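> Structure below; questions to follow.
Each value in this text was obtained by applying a stated rule to the coordinates, not by laboratory testing. Remember, it's a predicted structure, so these values are computed and weren't measured experimentally. Please note: Cβ atoms are built from the backbone with ideal geometry, for glycine as well, and neighbour counts cover all protein chains shown.
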Amino acid sequence: MRVILAALACLFCGACAVKQPHRIGPAGEASAAKADLVVHIQGFKKAEGVFRAALFDSARGFPGEHERAVATRVGPVRDDGVRLVFEDLRAGQYALAVFHDLDDDGKLGTSWVGIPKEGFGASNNPSGLGPPSFDEARFTLAPPELEITIDLRHL
């Protein structure tokens, strides 16, 4: 009898100690860990126009197809740089593309041969010719937050 009671006690205590599964959201999906991304953009030549930032979770569309981004931000430019926050993002792999839209036309101004006329940058501040790849700009976002700085490039 003692052995049975001891076995039941172990089963009961073990069952209570089991970690609870992920909460299920309204759509029936398991909720994932959330994190904030804090971004500092510096290197604006003028406090005119707006900045445009696009956050991607895959190579698809990176860096120029902002309509494929998981989140975007647009805002005024300041001499001392810009600070922006993407809140409550799913933890994972991302890449961020930004540019200084001086004429506020929604696109990166380029010369007739495709050289950018406006400041541009990406997470990890990749250097090199041509637009950066997703892999060059990729970073891992984990809770509670990640803070990154992007230095705009001017050609």
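> Can you tally the net charge around residue 48? Count Lys and Arg as +1, Asp and Glu as -1, for every other residue whose Cβ sits under 12 Å from the Cβ of residue 48. Don't skip to the end; give the middle numbers.
On the way: positive: 45, 46, 78; negative: 79, 101, 103, 104, 118.
Neighbour charge sum, excluding residue 48 itself: -2.
> While we're here: Put a dot 7 Å past each Cα toward the Cβ at residue 91 and residue 142; how far apart are the dots in nm?
The answer from the label model is 0.7 nm.
> Okay, next question. Report the residues of segment 93-115 in range of a label on residue 127: point 7 Å along Cα→C-beta, backbone N strictly under 16 Å from it.
Backbone N within reach: none found.
> Here is a further query. With an 8 Å cut-off on Cα pairs and a minimum separation of 6 or more residues, tell me the relative contact order of segment 34-151 in percent. Could you put the intermediate results ahead of the total?
Numbers: 269 pairs, mean separation 44.0, N = 118.
Worked out over segment 34-151, it gives 37 percent.
> Taking the Cα centre as origin and putting +1 on Lys and Arg beta-carbons and -1 on Asp and Glu beta-carbons, what dipole magnitude results for segment 34-151, to the nearest 20 debye? Please list the in-between numbers first.
Values: 13 positive and 19 negative charges, 34 e Å.
Roughly 160 debye, rounded to the nearest 20.
> Sticking with this one: For segment 77-150, what is one quarter of the convex hull surface built on the Cα atoms, given in nm²?
On the way: hull surface 24.1 nm².
Hull-based average projected area comes out at 6.0 nm².
> Looking at segment 47-131, which chymotrypsin sites (Phe, Trp or Tyr not before Pro) are in a loop (DSSP not H, G, I, E or B) and have at most 11 other Cβ atoms within 10 Å? Before the final figure, lay out each step's value.
Numbers: sites: 51, 56, 86, 94, 99, 112, 120; in loops: 112.
Those satisfying the criteria are 112.
> What length, rounded to one decimal in nm, is gained on full extension from residue 135 through to residue 153, with 0.36 nm per residue of separation minus their alpha-carbon distance?
On the way: separation 18, 0.36 × 18 = 6.48 nm, distance 1.87 nm.
Answer, rounded to one decimal: 4.6 nm.
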